[in-house]
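In what follows, a structure is listed as structure tokens, so that the remarks can point back to it.
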Amino acid sequence: MSTKYGGYMGKVLKINVSTREVTEYPWSDEERRLFIGGKSMAAKILGDNLTSQTKPFSAENLLVITTGPLTGTGAPSSSRFNVSTLSPQTKIITSSNCGGNFGYYLKKAGLDGLVIEGRSETPLWLHIRNGEVVFNDAADMWGLKTGPAQKALDERLAAENGKPVKNGKLVIGPAGENQVLYSAIISNERVAGRGGTGAVMGWKNIKAITASGNQQVRVAEPEKMKALNKKWFKYLRSHPLTGDQLPRLGTAGLVSTMQMNGQLSTKNYNYGRYDDFELVNGETLAEKYNIVNKGCLTCPIKCARTVEVDGKPVKGPELETLGLLGGGILNNDLEAILKWNYELDELGMDTISTASTLAYAMEAREKGLWDNGLAFGETEDISKIWEDIAYRRGIGDELANGSRWLAEKYGGKEFAINAKGLELAAYEPRRAVGLGLGYAVSNRGGCHLNGGYMILLEGLSMNVDPQTPHGKPDMTVMFQDLMEMVSAAGQCLFTTYAFFPPPLISKPHAWYTRAFCKAVPVIGPVLRLLNKFPGMLCFNIPVVFNQSKALKYATGMPMNFGKFFKAGKRSYTLERHINTRFGIRRKDDSLPARLTDVPQIEGDEKTRVPLERMKTVYYHARGWTQDAVPTPRTLKKLGLAGLASYKETCEAFRRGEFQDKPAGRSAGAGKEGA
Amino acid sequence: MVTIKLFGSLRLKTGFKEMQAYASSVSEACALLARATGHDKKEFKNCLFVINGKQGKYSSALAEGDELVLMSPSGGG
């Protein structure tokens, strides 16, 4: 199936690994226009195929790998791809966006995406070359860690072709093979970490996927695209965040800022400051261990660090890993974190969920709930714990199921730091309540990015009052929708930090920056209006927001800021509409009671997340019922009336199945909901 | 005597980490840093200030034993 739009290869393959049948997945230009690509495209595919009865570990579950229309066009930071599936960890749909080069090579192979169903009887390596799929036996690779597995793939491709083959790779490690619920898919050094996509790939008996080819991405307006890209690269390189802080320090640079703001999760989120933070912060990493900065293909930001572990250059840890495996478990040994980060990547496990699950287990033992031998600050045998988790041995077999599962078994839900089963990142939301809302309502579970990343304004880059709930729900909706579409277009979310004009970031004490920060909590109604009527924004925003123009030049679709924004809304609501099928309601948009009921600073009631009142405003701004269900009116307004499930939803609303009020008290309602 | 610490990209740019100095205000501390590092005072003036764990201003006063932290803005996780 071809396409009239540029930016796309016009072909999506459906691969049944049970029958080894390969067919073209029907994906129309109308769907391209509505869902653009990436996670949004994947959500539509999952929504069309999954029923409420589908189980994560079943032949019916799909592993959907998609690219966006900007991938392969030379747009900055656009070599990405997305993996979506029904998550075994959260039991709702998950999406994981990954850098590296696989997205670029999938397009070189002539494809916009892969839809994988079934389960192979034997270990499999899928090689996609110029649109053709080769099913290779991977029995000899099964059991390999992710580094050796990727090396083996290069060697086999070189042996088959008589020379090295440029390719993009996806592999799982032992964790994915053993269905650790938070196992990841690894691509070079980059990781599709969240939601357990690696476990689904492992269950399907797929060890690896490689892509290669010589196809070219056709751009609708190549000259304009080229000129825009040139300006865009220049702008990103000049911005204080994307051109200075991230290249110099990577995400690790946030540790110190979070510490100062009381936002650094410490001892399983008991506290927001870690006394030894200077031993495990980004500055120390850069000064003592960083060898070289790296970036993904076409990325001017170059946020990745390379460090040395046992004399070998390996990927350095991100902020989340530093925070959660540092203060999170009261560990001040940075060298140990570097080593663990490498080990977890080799085993193919999400560092956030692994670390947070470990912290829960340490606290459960401290409270006498689970005698597991783990303790805060005692980290000598941690490497063995990783192996035990990956191979599901001993207590590792239980740790492999994540903090939600453990809390259901041993108790302590109030300190199992997850939302909808997905563990939170290292940002402590009691000192950034907008982020707290984002964590709770995020479609994929406790994710700072899918949650809208309000903390950027709440102390990291700007000084919007982190404790006020005012204006935050509307701002969260706006950020979520924009980030949703940046991701769907195939671009790295880090480019969104440049939405804020440089003076707002580099001059925090200037009158205009202070005025902006003061204004955010009081402009909620204005933002609500824009959220309700994105079509009003029928223009492009020059210099700082290039995404809409880039999509227009790449695809030839009519596109402006408002249409881009609306597409993000459509995608976010679609994901929620699908999750509704799996039972997600207001009560599930929750946080552990530690974060909503216990002030971080004793006696200061403001230092907890006032979640319920923010949720009420948030659902209203979204056009969902107060029980967090998108209404037929909202679905229709967003162009989702064509969904097969739309009629069912209308009928369910007519039958009164979905009420415009909460169906049950939120788990995190606590004091404020009482 | 106050303790002055620098975090963020400006620390890597200047190579400056920490020093003990006599400074009665944040602005004076910024001037000291500019002299010590050879960098423009404006660069320090545009940092975020934290005095003993609480947000400060360029005009904030410093007292004996205070810890002043300067951070350049950050984002991206």
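So here's what we get for this one:
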item: Residue B:21-residue A:375 pseudo-label distance in nm [points 7 Å out on the Cα-to-Cβ vector]; result: 4.4
item: Separation of alpha-carbon centers, the range A:85-150 and the range B:1-73, rounded to whole Å; result: 50
item: Rounded FRET efficiency, nearest 0.05, which uses the C-beta distance separating residue A:651 from residue A:276 and R0 of 41 Å; result: 0.10
item: In the range A:542-627, the GluC sites (Glu not before Pro) that fall in loop regions by DSSP, at most 14 other Cβ within 10 Å; result: A:602
item: Cross-link pairs A:14/A:107; A:108/A:169; A:39/A:552; A:302/A:420; A:234/A:302 - those with Cα-Cα distance over 21 Å; result: A:302/A:420
item: Net charge, residue A:556 excluded, C-beta distance under 9 Å - Lys, Arg +1, Asp, Glu -1; result: +1
item: Contact order relative to length of the range A:339-468, as percent, for alpha carbon pairs under 8 angstrom and 6 or more apart; result: 18
item: Spatial separation of Cα centroids for the range A:151-205 and the range A:338-381, in angstrom; result: 24
item: Fewest-first sequence of A:95, A:2, A:645 by Cβ atoms within 10 Å of each Cβ; result: A:2, A:645, A:95
item: Residue exposure sequence - A:351, B:3, A:94 - by fewest surrounding Cβ within 10 Å; result: B:3, A:351, A:94
item: Rounded FRET efficiency, nearest 0.05, which uses the C-beta distance separating residue B:55 from residue A:234 and R0 of 35 Å; result: 0.55
item: C-alpha center-to-center spacing [the range A:216-261, the range A:535-591] in angstrom; result: 21
item: Under 9 Å, Cβ to Cβ, from residue A:189 - net charge with Lys/Arg +1 and Asp/Glu -1; result: +2
item: Cα-based radius of gyration of the range A:192-350 once divided by 2.2 N^0.38 Å, which approximates compact folds; result: 1.25
item: Inter-chain shielding of B:63-73 (mean C-beta neighbours from other protein chains, 10 Å cut-off); result: 4
item: Computed [θ] at 222 nm, helices only, for chain A once each DSSP H run of length n ≥ 4 contributes -39500 (n - 2.57); result: -11000 deg cm²/dmol
item: Where a label projected 7 Å from the Cα of residue B:64 along Cα→Cβ would reach, residues of the range B:29-44 with amide N under 19 Å; result: B:29
item: Number of partner chain Cβ atoms within 10 Å, mean per residue of B:49-62; result: 2
item: Distance between modelled label sites at residue A:333 and residue A:2, nm, 7 Å Cα→Cβ extension; result: 6.1
item: Theoretical gain in end-to-end length, residue A:23 to residue A:408 [0.36 nm per residue, Cα-Cα removed]; result: 134.4 nm
item: Qualifying GluC sites (Glu not before Pro) in the range A:239-312, DSSP loop, other Cβ atoms within 10 Å at most 13; result: none
item: Net charge, residue A:579 excluded, C-beta distance under 11 Å - Lys, Arg +1, Asp, Glu -1; result: +3
item: The range A:430-447 - phi-based ³J(HN,Hα) in whole Hz, Karplus 6.51/-1.76/1.60, Gly and Pro as x; result: 5, 10, 7, 5, x, 5, x, 4, x, 3, 6, 8, 3, 4, 9, x, x, 10
item: About the Cα centre, charge dipole magnitude for chain A (Lys/Arg +1, Asp/Glu -1 at Cβ), debye; result: 2920
item: DSSP-loop GluC sites (Glu not before Pro) across the range A:92-198, with at most 13 other Cβ within 10 angstrom; result: A:121
item: Hydrodynamic radius (Kirkwood) for chain A, which is based on Cα pairs only, to one decimal in Å; result: 24.7
item: Distance between modelled label sites at residue A:155 and residue A:602, nm, 7 Å Cα→Cβ extension; result: 5.9
item: Percentage relative contact order, chain B, counting C-alpha pairs under 8 Å, at least six apart; result: 42
item: FRET efficiency for residue A:224 and residue A:541, using Cβ-Cβ distance with R0 set to 25 Å, rounded to 0.05; result: 0.90
item: Antiparallel DSSP beta bridges within chain A, percent to nearest 5; result: 80
item: Per-residue HN-Hα couplings for the range A:143-155 [Karplus 6.51, -1.76, 1.60; θ = phi - 60°; Hz; x = Gly/Pro]; result: x, 6, 6, 5, x, x, 5, 5, 5, 4, 5, 4, 5
item: Sorted by Cβ neighbour density within 10 Å, fewest at the top, the residues A:646, A:391; result: A:646, A:391
item: Cα-only radius of gyration and Dmax that characterise chain B, units Å; result: 11.4, 36
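Just so you know, all these numbers are worked out from the coordinates, no wet-lab data involved. Given the structure is predicted, the values throughout are model-derived calculations rather than measurements. All Cβ positions, even for glycine, are placed from backbone atoms using ideal geometry, and neighbour counts span all protein chains on display.
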